[in-house]
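Step one of this worksheet: look at the structure below.
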Amino acid sequence: RSFGLAVYLAHLGMPIPAKAYHGSFLQGLISNIQVSDNLVQGESFFFNEVQRIKKTVEQIGNGQSWLVLIDE
């Protein structure tokens with residue numbers, strides 16, 4: 001999470017909490033952190049995680065540089 005925040009701030013031109021940062025510009029940042037279940041729609045945590053990973057893979061398949069953060 002800290003790394004993702006630093007990359008995001010760097011892209012905005014803001015200072016980041018690091019001694020040094022060397023990175024290239026990315027097309028975007030995708031975060032799949034703290035996915036939860038949806039009992040109302042009958043969707044489990046596992047199902048939601050698989051769906052988000054699928055959407056992420058489809059989105060980043062364009063040959064551009066992305067930062068993808070996935071929790072566990």
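FYI, it's all coordinate maths here, none of it is from the lab. Predicted model, so just to flag it, every value in this text is computed and none were measured. Cβ: placed from backbone, ideal geometry, glycine included. Neighbour counts: every protein chain shown.
Normalised by the number of residues in the chain, what is the relative contact order in percent for Cα pairs under 8 Å and 6+ residues apart?
Relative contact order comes out at 39 percent.
With θ taken as phi - 60° and the coefficients 6.51, -1.76 and 1.60, list the Karplus ³J(HN,Hα) couplings across region 56-66 in order, rounded to whole Hz; mark glycine and proline as x.
5, 4, 5, 6, 8, x, 8, x, 9, 8, 10
Size of the dipole of the chain about the Cα centre, Lys and Arg at +1 and Asp and Glu at -1 on the beta carbon, nothing else charged, in debye to 20?
Using only the charged Cβ atoms, the result is roughly 300 debye.
Which entry in (1) 47; (2) 61; (3) 50 is this structure's computed percent of Cα pairs over 15 Å apart?
Here the calculated entry is (2).
Quick query: amide H of GLY28 versus all other amide H atoms, modeled in the peptide plane; which residues come in under 5 Å with a sequence gap of 5 or more or a different chain?
The list, which skips near neighbours in sequence, is LEU67.
Residues with amide H under 5 Å of GLU43's amide H, sequence separation 5 or more or different chain, H placed in the peptide plane at 1.01 Å from N; which?
Here ASN38 satisfy the definition.
Considering only HIS11, GLN64, SER31, whose Cα is most displaced toward the positive end of the charge dipole of the chain, charges sitting on Cβ of Lys, Arg (+1) and Asp, Glu (-1)?
HIS11
Report ³J(HN,Hα) in whole Hz for each residue of region 19-29, in order, from the Karplus equation J = 6.51 cos²θ - 1.76 cosθ + 1.60 where θ = phi - 60°; Gly and Pro get x.
Per-residue couplings from phi come out as 5, 8, 9, 10, x, 9, 6, 10, 5, x, 10 Hz.
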